[in-house]
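Contents: one structure, followed by commentary.
The values are calculated or read from the model by the stated rules, or taken from the named source; none is laboratory data. Quantities reported herein were computed from a predicted structural model and do not represent experimental measurements. Cβ: placed from backbone, ideal geometry, glycine included. Neighbour counts: every protein chain shown.
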Amino acid sequence: AWVWKLGSLWGAIGFHAGWNFGLGAFWSLPVSGLTVYEALPIALTERGRNPLVFGGAYGPESGLVVTALTFFALAWAVPRR
């Protein structure tokens, strides 16, 4: 969606790298099912959170929240292409 809207791959690469860093090193969440080194651990816990909604052990990418965000990003970008 980012590339379609802005016409550049570099922004999408930067966003993806920032997303992975934020999840793993900053918020101490799994990144695509992998546990990474925690540089700045804030440690958001899974206790009390539904894995279907927030992704569980795989990470937020497998939850409904990020799925909905992806859908809305595509709905925003594709008609403007």
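Which condition number does G14 fail, the rest of (1) surrounded by 15 or more Cβ atoms within 10 Å (Cβ to Cβ); (2) modelled with pLDDT of 75 or more; (3) within 17 Å of the chain's Cα centre (by Cα) being met?
(1)
Mind listing whichever residues of the range 17-36 are of a type in the set (V, I, T) and at pLDDT 80 or above?
V31
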